[in-house]
Amino acid sequence: MPINNISGCIGCGTCVSTCPTDVIRLNKDGKAEIKYPEDCQICHLCRMYCPTDAITITPEKTIPVIVSWG
């Protein structure tokens, strides 16, 4: 499951818009927050598109990133 580094989050909402399972929301402070961790598919999109690298994937939840080169 992604973990948000609140200090690095700029509140741009990129992670919210790229999450295919809609698990990330901006909180009342405008920072990203994982609202539905049980629904996270660990697709890495939030981490890959975060402009400030504020999102990391915990080691116990990491799966290999599969990228199609089609």
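Take the solvent-accessible surface of the protein heavy atoms, probe 1.4 Å, and return the percent of it on segment 3-57 that carbon and sulfur atoms account for.
Working: 1670 of 3250 Å².
Exposed carbon and sulfur together represent 51 percent of the surface.
Rolling a 1.4 angstrom probe over the protein heavy atoms, how many square angstrom per residue are accessible across segment 3-50?
Working: 2880 Å² over 48 residues.
Solvent-accessible surface per residue comes out at 60 Å².
According to the Kirkwood expression over distinct Cα-Cα pairs, how big is the hydrodynamic radius of segment 3-57, in Å?
10.8
Which part of segment 27-57 falls in the paramagnetic zone of T21, meaning amide N under 16 Å from the point 7 Å along Cα-to-beta-carbon?
Residues 33-48, 56-57 qualify, since their backbone N sits under 16 Å from the label point.
Which part of segment 35-58 falls in the paramagnetic zone of S7, meaning amide N under 17 Å from the point 7 Å along Cα-to-beta-carbon?
Only 52-56 pass the distance filter.
Amide H to amide H under 5 Å from T56: which residues, 5+ apart in sequence or cross-chain, H placed 1.01 Å off N in plane?
Sorted by chain and number, the residues that satisfy this are I3, N5.
The values are calculated or read from the model by the stated rules, or taken from the named source; none is laboratory data. On a predicted model such as this, the values are computed, not experimentally measured, just so you know. Heads up, the Cβs are rebuilt from the backbone with ideal geometry, glycines too, and the neighbour counts pull from every protein chain shown. Just the protein is used for accessible areas: all its heavy atoms, side chains included, with ligands, DNA and RNA removed. Shrake-Rupley method; radii C 1.70, N 1.55, O 1.52, S 1.80 Å.
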